[in-house]
Amino acid sequence: MDCCSHEGPTKGDAKFDIQKVADGVYAAVAAPAYKVNSNTAIIESDDGVVIVDTHSKPSAARVIVEHLRDMTTQPVRYVVNTHFHWDHWHGNEVYPAVYPGAEIISNQLTREAMVRKGLKRIQDHVRQMPAEVAQLKAAIAKATGDGERERLRDDLRMAESYLAEVTALKPALPTMAFERTMKIYRRDREIHLLFLGRAHTEGDVFVYLPKEKVVITGDALIGWTPYMGDGYPEDWAGTLDRLAELDFTHIIMGHGAPTGREWLGTFRAYVHDMVEAVREEAARGATLEEVQRRVTDRLAPAYEKPFSAYGDYRPWRAGLALNIQRTYAMVS
């Protein structure tokens, strides 16, 4: 750890452990939160800062801005969004407001997904959150222990705060978009933005620093069982194979602590083996219930322990069940 944990003055759920990964390259690792926040990568250069991903809400992005003010006098020049999921771009609006002229970058596929799906999901959150608030109030009224009641009150406070933020959100879409590759050259650093194929979404962006041998993966590679609800399980392993062709030793993931290259092998093997196992069972005519049972039994000995070691926000088997369901729907 390079720095202490960092959180904003409101003591909300946006808390980050700032870790140095290479010279001038940092991972702001998000702590578990009521409304999940993605990690942020901070890349310093001679004349400015590049930020990768901006969390689930503006208040979380402001926590990072506070840290930047302690860290450098240079402005943020570029913000990169790795994909369209809400917990990676809803804080976008903060950066051009604080740093006029900051450009937001993603690839064209991701920008289109933000317009086509991401903006709708913001309205879904606005519509759904009042019911979530009401459920929490009802749970507080029924709570029997002081500990449970206090936890629920914290959740209620953060739910109400999130509802206010998402209602007032001013979605800041990328101002620059690329197709397959974009390179940012500074005098002291070279930054590659790469589209290597479909994986977690249709347009995952990888950020690669060849000199520092660092790759930033968004959620195409994370520290626990991946979410595949918008994913392409049959393409995912091939995309990771192309990632493996790059020369790197350090990985900053969308969620989970920074890690070394070895985790890519474990994660890629899980995706590949899960897809192959589901495909084989579906070809035999197995029902989804049968596939869930057989594939879980087949994969658990190899993958349950290493994935659970990261402390997923849900049990490994629950994440696997969702992955199997998504894959079965696509191959059967």
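For the stretch 177-264, the gyration tensor built on C-alpha atoms gives an oblate shape. Its axis ratio a/c (a ≥ b ≥ c) is at least 1.5, and a/b is not larger than b/c.
Charge dipole of the stretch 268-331 (Cα centre as origin; +1 on each Lys and Arg Cβ, -1 on each Asp and Glu Cβ, all else neutral): 100 debye, rounded to the nearest 20.
Here, P(r) means the percent of Cα pairs in each 10 Å bin from 0 to the largest distance; for the stretch 268-331 it is 22, 58, 19, 1.
Compactness of the stretch 47-179 is given as radius of gyration and Dmax, 17.4, 56 Å, from Cα positions.
Would you list the membrane-span-like helices of the chain, meaning whole DSSP H runs whose alpha-carbon atoms span at least 24 Å along their axis and whose mean Kyte-Doolittle value is at least 0.5?
none
Assuming charge only on the beta carbon of Lys and Arg (+1) and of Asp and Glu (-1), the dipole of the chain about its Cα centre is about 580 debye to the nearest 20.
Pick out, in residue order, every one of the trypsin sites (Lys or Arg not before Pro) in the stretch 250-329 that is DSSP loop and has at most 14 other C-beta atoms within 10 Å; say none if there are none.
Answer by residue number: Arg284.
In this simple spin-label model, placing a label point 7 Å from the Cα along the Cα-to-Cβ direction at both Met330 and Arg242 gives a separation of 1.5 nm. Each Cα pair under 8 Å and six or more residues apart adds its separation to the average, and for the chain the resulting relative contact order is 13 percent. Normalised by the number of residues in the stretch 10-108, the mean separation of alpha-carbon contacts (under 8 Å, six or more apart) gives a relative contact order of 22 percent. For q values of 0.07, 0.09 Å⁻¹, compute log₁₀ I(q)/I(0) with the Debye formula on a Cα-only model of the chain, without solvent. Result of the Debye calculation: -0.29, -0.49. Among the trypsin sites (Lys or Arg not before Pro) found in the stretch 115-209, those both in a DSSP coil and sparsely packed, with 12 or fewer other Cβ atoms within 10 Å of their Cβ, are Arg180, Arg187.
For the stretch 268-331, the relative contact order comes to 47 percent (Cα pairs under 8 Å, sequence separation of at least 6). Note on the chain: helix-only mean residue ellipticity at 222 nm, from DSSP H runs of 4+ residues weighted -39500 (n - 2.57) and normalised by residue number, equals -14000 deg cm²/dmol.
Every number here is computed from the coordinates shown, using simple stated rules; none is lab data. Given the structure is predicted, the values throughout are model-derived calculations rather than measurements. Positions of Cβ are backbone-derived with ideal geometry, glycine not excepted, and every protein chain shown enters the neighbour counts.
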